[in-house]
């Protein structure tokens with residue numbers, strides 16, 4: 001009996017001791033957080049965050065981060081009908097004309113652990129009513145991203161062959177990811193002023209082939225600082241036997257440094273070099289050296305503001321050397337309200353001249369607004385204006401000394417389930433030279449080309465097909 005009582009006492013003591021140890025351990029676990037491994041540098045460096053990328057790079061803070069992580073292929077088809085008051089896009093012309101457009105799209109999105117690939121092709125035709133004519137439309141885009149522990153490299157390319165130099169096919173928006181028209185999967189308006197906005201204005205339906213290739217690299221040196229470098233080549237070629245417009249090539253190289261000095265603020269400095277060449281002009285080269293100091297303020301998911309300004313040294317090489325100093329700058333505000341978003345941009349830069357001039361001093365502003373109306377309606381509106389002043393006096397191109405371009409438009413889109421969209425849009429554009437441009441193939445004394453375009457259309461975009 002004594003042995004059994006002693007055994008029970010020992011068991012009870014062990015039970016009480018075990019419960020006490022458990023309680024103490026639980027209390028300690030609640031009062032002291034568990035220690036986890038520190039993430040490797042580069043995985044959590046704020047300066048590499050897509051919500052607030054380096055201000056000296058090409059990417060901009062995104063107000064709506066892409067959350068898709070599945071690889072897929074996706075087709076789309078768009079058919080539209082437009083009423084155009086100047087279908088030939090001529091100076092001083094007017095007359096109502098119908099234009100039918102058929103546009104197909106194919107997108108590929110592929111993800112790997114450290115790399116992403118996005119491909120897009122859009123193609124179709126525009127059918128003009130009076131006189132009857134058929135114009136081809138082609139565009140393709142590529143974006144390839146590879147990442148390592150402390151940085152990333154991105155290769156981008158956008159190609160287009162279009163009847164009037166504008167990718168606003170049908171003025172109803174384009175199906176797909178938006179890579180083919182230079183938009184990309186992230187905001188890519190960073191870099192030097194005018195880095196991705198160099199073609200402004202066009203007249204006539206002369207086909208234009210344009211291509212822009214960009215390679216940019218971001219390398220963090222610590223969690224709040226990074227170096228950025230980028231190189232780009234772009235060209236514009238007009239298929240016009242009369243040499244009405246000036247073909248142009250543009251080479252760009254830039255390097256910068258960014259520093260994140262608070263959670264929402266960055267400061268950076270950029271140095272860039274640009275070379276513009278015009279094969280039809282003997283010489284006609286433009287050399288630019290640019291320095292910009294830039295600041296950005298970002299509120300994740302709500303607002304981003306970027307402003308930069310600095311000196312620009314230009315050397316014109318046309319039968320001699322003409323040098324001068326000027327100012328280049330850029331400011332952009334992107335704001336997301338509860339149910340809408342707004343983008344406002346101002347830039348001052350040197351542009352290739354859009355085929356009219358052998359280089360131009362350009363100032364451009366743009367305002368865009370988007371808003372959903374209920375669950376199945378969306379509205380988009382934008383307007384823009386640019387003033388372009390000739391840099392060189394050459395025999396080809398427009399003989400005016402400046403031109404102004406303005407446009408305004410609105411698009412209303414209705415979603416029918418997940419497969420079909422109906423849209424209607426209106427767009428007004430105005431291109432005005434200060435004097436008659438005396439372009440070959442555009443005789444007369446007119447100096448203004450205006451267009452009013454109303455469009456209705458339907459778009460089919462089935463569910464993407466996974467390829468994983």
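What the table shows:
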| item | result |
| --- | --- |
| Condition check for residue 130: assigned to a strand (DSSP E or B), more than 27 Å from the chain's Cα centre (by Cα) and without any contact (Cβ under 8 Å) to a residue 60 or more places away in the chain | no |
| Qualifying positions in segment 276-290 - part of a strand (DSSP E or B) and either at positive phi or exposed (fewer than 15 other Cβ atoms within 10 Å of the Cβ) (or both) | 289 |
| Flag if residue 304 is under 14 Å from residue 191 (Cβ atoms) and in contact (Cβ under 8 Å) with a residue 40 or more places away in the chain | no |
| Counted residues, segment 449-468 - those being assigned to a strand (DSSP E or B) and farther than 23 Å from residue 100 by Cα | 2 |
| Hits in segment 248-272 (condition: assigned to a loop (DSSP other than H, G, I, E, B) and under 23 Å from the mean Cα position of the chain (by Cα)) | 264 |
| In segment 356-367, residue farthest from residue 243 (Cα to Cα) [restricted to those that are in contact with a strand residue (DSSP E or B) (Cβ under 6 Å, 6 or more places away or on another chain) and crowded, with 24+ Cβ neighbours inside 10 Å] | 362 |
| Failed item in (1) within 20 Å of residue 59 (Cβ to Cβ); (2) surrounded by fewer than 21 Cβ atoms within 10 Å (Cβ to Cβ); (3) in contact (Cβ under 8 Å) with a residue 40 or more places away in the chain, with residue 347 passing the rest | (2) |
| Qualifying residue in segment 362-371 (condition: in contact (Cβ under 8 Å) with a residue 60 or more places away in the chain and in a strand (DSSP E or B)) | yes |
| Condition check for residue 333: surrounded by fewer than 16 Cβ atoms within 10 Å (Cβ to Cβ), within 20 Å of the chain's Cα centre (by Cα), at pLDDT 90 or above and assigned to a strand (DSSP E or B) | no |
| One residue from 126, 133, 144 being over 26 Å from residue 277 (Cα atoms) and modelled with pLDDT of 90 or more | 144 |
| Residues (surrounded by fewer than 22 Cβ atoms within 10 Å (Cβ to Cβ), under 23 Å from the mean Cα position of the chain (by Cα) and farther than 12 Å from residue 380 by Cβ) located in segment 416-429 | 428 |
| Test: residue in segment 391-399 that is modelled with pLDDT of 90 or more and in a strand (DSSP E or B) | no |
| Test: residue in segment 217-235 that is modelled with pLDDT under 90, more than 21 Å from the chain's Cα centre (by Cα) and assigned to a loop (DSSP other than H, G, I, E, B) | no |
| Any chance residue 70 is modelled with pLDDT under 90 and part of a helix (DSSP H, G or I) | no |
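Residues checked against (1) in contact with a strand residue (DSSP E or B) (Cβ under 6 Å, 6 or more places away or on another chain); (2) under 21 Å from residue 180 (Cβ atoms); (3) surrounded by 15 or more Cβ atoms within 10 Å (Cβ to Cβ):
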site: 90; (1), (2), (3): no, no, yes
site: 93; (1), (2), (3): yes, no, yes
site: 99; (1), (2), (3): yes, yes, yes
site: 105; (1), (2), (3): yes, yes, yes
site: 109; (1), (2), (3): yes, yes, yes
site: 114; (1), (2), (3): yes, no, no
site: 117; (1), (2), (3): yes, yes, yes
site: 124; (1), (2), (3): yes, yes, yes
site: 150; (1), (2), (3): yes, no, yes
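The values are calculated or read from the model by the stated rules, or taken from the named source; none is laboratory data. Remember, predicted model here, so these are calculated numbers, not experimental data. Positions of Cβ are backbone-derived with ideal geometry, glycine not excepted, and every protein chain shown enters the neighbour counts.
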